[in-house]
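The values are calculated or read from the model by the stated rules, or taken from the named source; none is laboratory data. Keep in mind that what you see is a predicted model, and the values were worked out from it rather than measured. With ideal geometry, Cβ positions are generated from the backbone for all residues, glycine too; neighbour counts draw on all protein chains shown. Note: areas computed on protein heavy atoms with side chains; ligands, DNA, RNA excluded. Shrake-Rupley method; radii C 1.70, N 1.55, O 1.52, S 1.80 Å.
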Amino acid sequence: MKVLSTEKAPAAIGPYSQGYEANGFVFSSGQIPIVPETGEIPEGIEAQARQSCKNVGEILKAAGIGYEHVIKTTCFLADMADFGAFNQVYEEYFVSKPARSCVAVKELPKGVLCEVEAVAVK
């Protein structure tokens, strides 16, 4: 097993790793829309979805792969009313259309509107 870590994605805000590589699979932790360089959270679902997807992409890069290697994502929304807007951004990144679960949750860390995690194959 190999821990994945990059300064190009937000540092973990708890007792977990940004990601792991094991047995040919890459697992990213859920990525909320924190801009790693500034610690800021962008406004609005589109900007937050974009940043969350970018953060997942940086963890994939740390493993030497890209979005096209993703086989499964799990997406969390603070409000299912944001589903359509979230999807419009999500499909720009996950063009290979991996398997996915998308659920609304009561709340997300730091009050963000979305979180994305991924499982990929090397």
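Each DSSP beta bridge with both residues in segment 57-122 is either parallel or antiparallel, and the antiparallel ones are about 55%. Under a 5 Å amide H cut-off, with hydrogens placed 1.01 Å from N, residue 102 pairs with 75 among residues at least 5 apart or on other chains. Grab the chain and count how many Lys pairs have their alpha-carbon atoms under 27 Å apart, sequence gap of 8 or more, or different chains. Qualifying lysine pairs in the chain: 26. Share of carbon and sulfur in the accessible area of the chain stands at 53%, probe radius 1.4 Å.
If you wrap a convex hull around the Cα atoms of segment 5-46, how much volume per residue is inside, in Å³? Walk me through the numbers before you get to the answer.
Working: hull volume 3.8 nm³, N = 42.
For segment 5-46, the hull spanned by Cα atoms encloses 90 Å³ per residue.
Each label was represented as a point 7 Å from its Cα along the Cα-to-Cβ direction; for residue 121 and residue 25 these points are 1.2 nm apart.
Working from Cα pairs under 8 Å separated by at least six residues, relative contact order for the chain is 32 percent. For residue 26, the residues whose modelled amide H falls within less than 5 Å of its own, excluding neighbours fewer than 5 places apart on the same chain, are 120, 121, 122. Rg then Dmax, both in Å and based on the Cα atoms of the chain: 13.2, 38.
If you place +1 on the Cβ of every Lys and Arg and -1 on the Cβ of every Asp and Glu, how big does the dipole about the Cα centre of the chain come out, in debye to the nearest 20? Mind showing how you got there, number by number?
Numbers: 11 positive and 15 negative charges, 95 e Å.
Result for the chain is approximately 460 debye, rounded to the nearest 20.
For segment 37-95, report the translational diffusion coefficient in µm²/s to the nearest whole number, using Stokes-Einstein at 20 °C, 1.002 mPa s, and a Kirkwood Rh over Cα pairs. Before the final figure, lay out the partial values.
Values: Rh = 12.3 Å.
This corresponds to a translational diffusion coefficient of 174 µm²/s.
Each of 19, 74, 9 was placed along the dipole of segment 1-88 (beta-carbon charges, centred on the mean Cα), and the one lying farthest toward the positive end is 19. Of 102, 75, 53, the residue with the greatest mean-square motion in the GNM of the chain, using alpha carbon springs below 10 Å, is 102.
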